[in-house]
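The values are calculated or read from the model by the stated rules, or taken from the named source; none is laboratory data. Note that this is a predicted model, so its numbers are computed, not measured. As a convention, Cβ positions derive from the backbone with ideal geometry for all residues, glycine included, and neighbour counts pool all protein chains shown. Surface areas here come from the heavy atoms of the whole protein model, side chains and all, with no ligands, DNA or RNA. Shrake-Rupley method; radii C 1.70, N 1.55, O 1.52, S 1.80 Å.
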Amino acid sequence: LFDNLKYGAGECPLAIDEILEDAELTGVVQSLPDGLQTTLGEGGALVSGGEGQRVRLGRAMSRKQVRLAILDEPARGLDRGQRRAIVERTRERWRNATLLCVTHDVNDTLDFDRVLVVDRGRVVEDDAPRAVARQGGIIHGMVSDPAQTAIVAVATPEEMPVNETLALQEALREELGQ
């Protein structure tokens, strides 16, 4: 597990206790037979899907000076309170970066600057999270196939120039084929 967390961190000293706490991995480490020295096995066989997701989040958290962080269901498998805490910690850790958080839970997006609702590869809603939630729309009911619908929550650093924010939005639309 330790080697997995430090993978790609370069020469930066790893603040392992902080990373374990921020990625909600402390309990996971305590449950593993050899703690941080446990070999996770092929494809992370010793941990659940949600725990594996948090291991990958912990690995990402070991990077310094991140400008763009893309998280895909970083808090999968956690209860609502734990999810909220992990999203708050990721936002604090990467407060000077643009953070894209892909989720299927509307409540995980409410503290972000904006949300893009992507349904079957197309952006169908784009606004502040509370405004989109008030409008009802697809984000409110998630009426189409949840496997085909995702919410991309976007947080940008306050000092990011408007032209960079617009360029990011345009890049997302191009990536999604819009």
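Among the residues of the stretch 55-76, which ones are of a type in the set (G, A, S) and either surrounded by fewer than 16 Cβ atoms within 10 Å (Cβ to Cβ) or part of a helix (DSSP H, G or I) (or both)? Steps first, please.
Going through the stretch 55-76, the residues of a type in the set (G, A, S) turn out to be 58, 60, 62, 69, 75.
Matches in the stretch 55-76: G58, A60.
Tell me which residues, restricted to the stretch 76-93, are within 16 Å of E21 (Cβ to Cβ) and either over 12 Å from the mean Cα position of the chain (by Cα) or not β-branched (V, I, T) (or both).
First, the residues of the stretch 76-93 that are within 16 Å of E21 (Cβ to Cβ): 78, 81-93.
The answer is L78, G81, Q82, R83, R84, A85, E88, R89, R91, E92, R93.
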Report whether or not G81 is among the small types (G, A, S), open to solvent by 40 Å² or more (accessible area, probe 1.4 Å), more than 19 Å from A155 (Cβ to Cβ) and part of a loop (DSSP other than H, G, I, E, B).
no
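Quick one: which of V102, V124 is modelled with pLDDT of 60 or more, β-branched (V, I, T) and farther than 26 Å from R63 by Cα?
Values: V102 fails: farther than 26 Å from R63 by Cα.
None of the others qualify; the one that does is V124.
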Options R95, R91: the member that is touching a residue at least 60 places away in the same chain (Cβ under 8 Å) and either open to solvent by less than 30 Å² (accessible area, probe 1.4 Å) or part of a loop (DSSP other than H, G, I, E, B) (or both)
R95
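Please specify each residue of the stretch 23-37 satisfying the condition of being of a type in the set (D, E) and under 18 Å from Q53 (Cα atoms). Step through it out loud before you land on a result.
Within the stretch 23-37, the first condition is being of a type in the set (D, E), and the residues that meet it are 24, 34.
The answer is E24, and nothing else.
Out of everything in the stretch 114-130 that is out of contact with any Gly (no Cβ under 9 Å at 6 or more places or on another chain) and surrounded by fewer than 16 Cβ atoms within 10 Å (Cβ to Cβ), what residue ends up being farthest from E24 (Cα to Cα)?
Kept after step one, since they are out of contact with any Gly (no Cβ under 9 Å at 6 or more places or on another chain), are these residues of the stretch 114-130: 114-116, 118-120, 123, 126-130.
In the following step, the residues that additionally are surrounded by fewer than 16 Cβ atoms within 10 Å (Cβ to Cβ) were identified as 120, 128, 130.
Working: R120: 31, A128: 28, R130: 27 Å.
If we take residues in the stretch 114-130 being out of contact with any Gly (no Cβ under 9 Å at 6 or more places or on another chain) and surrounded by fewer than 16 Cβ atoms within 10 Å (Cβ to Cβ), then R120 is farthest from E24 (Cα to Cα).
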